[in-house]
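Have a look at the structure below before the remarks.
The values are calculated or read from the model by the stated rules, or taken from the named source; none is laboratory data. All of these numbers come straight from a predicted model, not from anything done at the bench. Because the Cβ atoms are built from the backbone with ideal geometry, glycine has one as well, and the counts that use them run over all protein chains shown. Accessible surface is based on the protein model in full, side chains and every heavy atom, while ligands, DNA and RNA are left aside. Shrake-Rupley method; radii C 1.70, N 1.55, O 1.52, S 1.80 Å.
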Amino acid sequence: MAEPAIAEAADDDLIRRSLRDPEAFATVFDRHAPALHRYAARRLGRDSAEDVVSETFLSAFEHRHRYRPGQADARPWLYGIASNVIGKRRRRELARYRAYARGGLDPAEISGARVEDGVGTLAVNRPLVAALAGLRAGDRDTLLLVAWVGLSYEEVAVALDIPIGTVRSRLNRARNKIRQALEGTDHG
Amino acid sequence: MDEMRELGHLWADTSEATERDLTIARAALMSRIARPERRRPLRFRLAHARRRYTLRLAAVGVLAAALTAVIIAAQVGLGGQEAPLGAPPASAQVLLERAARAAAGQRDLVPGPGQYVHTKTRVQRMLHTQNPSTKQLLTALVTADEERWEPADPGKPWLNRERAESATGPVPRWLWDKGVEDTLYESSCPGQRAYVRLSAWPTDVEGVRAKLAAQAGTDPLRMWSELKQLVAESVVRPSLSAALFQVASGLDGIRLIPDAVDAAGRPGIAVAMEEGKGRRSELIFDRRTYRYLGERTVNTTDVQVKTPGGVYTTPKGTATGTAVLTADLAAGLPEVSAKASRLRIPC
């Protein structure tokens, strides 16, 4: 049976095909790079986002022979790599969060967002961002893969190569800390 | 306070990357793909904006190399049994077929209880108004950002948020820029919200064609108009989009527009149909991924618009439309402006 045309192929088909026809990997990039850029921009700022995308896809291409067959959606794999790439820029990420929490960074630089205009929004976001900065790196990765990428617990487990029970415990711990920070805001 | 909801709102307006945002990253990958003997990945550090611009210039060379790489790779592909990559669709039917495949490869957004479907769009529309002092008739093309939150559960309100960002034409800013405008809709009618209406549609081609014909009749233009609206709404349900594109490919009168630009300025490739009265409407797709970008209507001649205030002329070439920027799920409504308009839609 003929292989499906590129545009309709599942990610694992494309990655398998790219072992002998490397250009097929470009379709994986076109499919996932825009959203991955957005995720990286939310964590590191837009200036670093393209760098993260570039390094993630170059690394993914280098290691595509390790891709687990049968996983039609490459997002857990790609965001797992991206988590490592972002992890190498942890200082930058934390500095950015802390600057925002202090109000020392122009919010427009972070998001260009109108929603940042509201004093109420800032009152919520600042402790929220400060709490993000205070999380363990693994807990933050887990939390943001669920909250911002929309991965399931099983997909996060694949992305970060950890047992699903660890995903649950990390998520519980992170959510508790975020909740406490927000409740502090309410009482403050 | 729901911490996941607050976290979901944090910097949620960050848009997905455009083709331009990814130019260097894609060029780096294509360079790497073209040189399989390299063992270590190229690195492109773009840490600071100032360096970024320097690198943009430097990237011209990289891009040239990458383009060469693409050509070489495409030629290799032509020698094989698979279709060549990057070959543009030769007809509207081929484009719609590819768009259907691309949509079929995407996941539907299925909101859970309490969740909202949240879409961001950029809209270009004509504003016809009158200068209150001089009574002069004025026309401007306004570009606005729109967001919409639609609940999964019946009985909950939904929100439309709009802000005009720019305008071209002799209309004073205060006439087109009203700041953030929130409109909160409430209705007890089960069919009023787009998501609920969409979920009632089948996703098989024949089922969709039959339902569309039942609503719009079999006139191709009426089917196209109804279909265009459904396509715009079904970005959250690409399985339906896929069927709609296949239905569209069977309509008489469609044609290919190789160069189209959506309301967000993204270049694309479009399928169009002449609507008569000097207007052509288009469905625009990404040139590489064939994902749906948005729709627009283009004036093919000068068009006169009659309003109670007078007759306005919009020139040939004017385009209005909607570009879809993001579609995702939100845990709840954002804080609604105190000045929000509240509309109750009766059944």
For this session: Return yes when A:V85 is at pLDDT 85 or above and either of a type outside the set (D, E) or touching a helix residue (DSSP H, G or I) at 6+ places or on another chain (Cβ under 9 Å) (or both) and no when it is not.
Result: yes
Exercise. Listed residues B:D328, B:D262; which is among the acidic types (D, E), out of contact with any Ser or Thr (no Cβ under 7 Å at 6 or more places or on another chain) and modelled with pLDDT of 90 or more?
Worked result: B:D262
Exercise. If you scan region B:248-259, which residues turn out to be touching a residue at least 12 places away in the same chain (Cβ under 8 Å) and surrounded by fewer than 24 Cβ atoms within 10 Å (Cβ to Cβ)?
Worked result: B:S249, B:G250, B:L251, B:D252, B:G253, B:I254, B:R255, B:L256, B:I257, B:P258
Exercise. From the set of residues in region A:51-64 that are at pLDDT below 90 and more than 8 Å from chain B (Cβ to nearest Cβ), which is least open to solvent (accessible area, probe 1.4 Å)?
Worked result: A:R64
Seminar exercise, completed: Scanning region B:149-183 residue by residue, the ones that are surrounded by 15 or more Cβ atoms within 10 Å (Cβ to Cβ) and more than 25 Å from the chain's Cα centre (by Cα) total 3
Problem set entry | Scan of region A:65-85 for residues that are farther than 15 Å from A:V158 by Cα and not aliphatic (A, V, I, L, M), ordered by number | A:H65
Exercise. Counting only residues that are among the basic types (K, R), at pLDDT 80 or above and in a loop (DSSP other than H, G, I, E, B), how many does region B:152-200 have?
Worked result: 2
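Residue by residue, here is whether (1) facing chain B (nearest Cβ under 8 Å); (2) open to solvent by less than 10 Å² (accessible area, probe 1.4 Å); (3) part of a helix (DSSP H, G or I); (4) not small (G, A, S) holds:
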residue	(1), (2), (3), (4)
A:H37	yes, yes, yes, yes
A:A41	yes, yes, yes, no
A:A49	yes, yes, yes, no
A:G70	no, no, no, no
Seminar exercise, completed: Being surrounded by fewer than 19 Cβ atoms within 10 Å (Cβ to Cβ), more than 10 Å from chain B (Cβ to nearest Cβ) and without any contact (Cβ under 8 Å) to a residue 60 or more places away in the chain narrows A:G150, A:G165 down to just A:G165
For this session: Evaluate the following for A:D11: is it within 11 Å of chain B (Cβ to nearest Cβ), open to solvent by 20 Å² or more (accessible area, probe 1.4 Å) and either on the phi > 0 side of the Ramachandran plot or acidic (D, E) (or both)?
Result: no
Seminar exercise, completed: Here the residues within region B:106-124 that are in contact (Cβ under 8 Å) with a residue 12 or more places away in the chain, over 17 Å from B:E16 (Cβ atoms) and open to solvent by 50 Å² or more (accessible area, probe 1.4 Å) are B:D108, B:P113, B:Q115
Problem set entry | Residue that is most open to solvent (accessible area, probe 1.4 Å) [pool: residues in region B:274-291 that are touching a Ser or Thr at 6+ places or on another chain (Cβ under 6 Å) and not in a loop (DSSP other than H, G, I, E, B)] | B:R279
Exercise. Could we say that B:D328 is part of a strand (DSSP E or B) and more than 14 Å from chain A (Cβ to nearest Cβ) here?
Worked result: no
Exercise. Got at least one residue in region B:100-113 being more than 18 Å from the chain's Cα centre (by Cα) and over 30 Å from B:A248 (Cα atoms)?
Worked result: yes
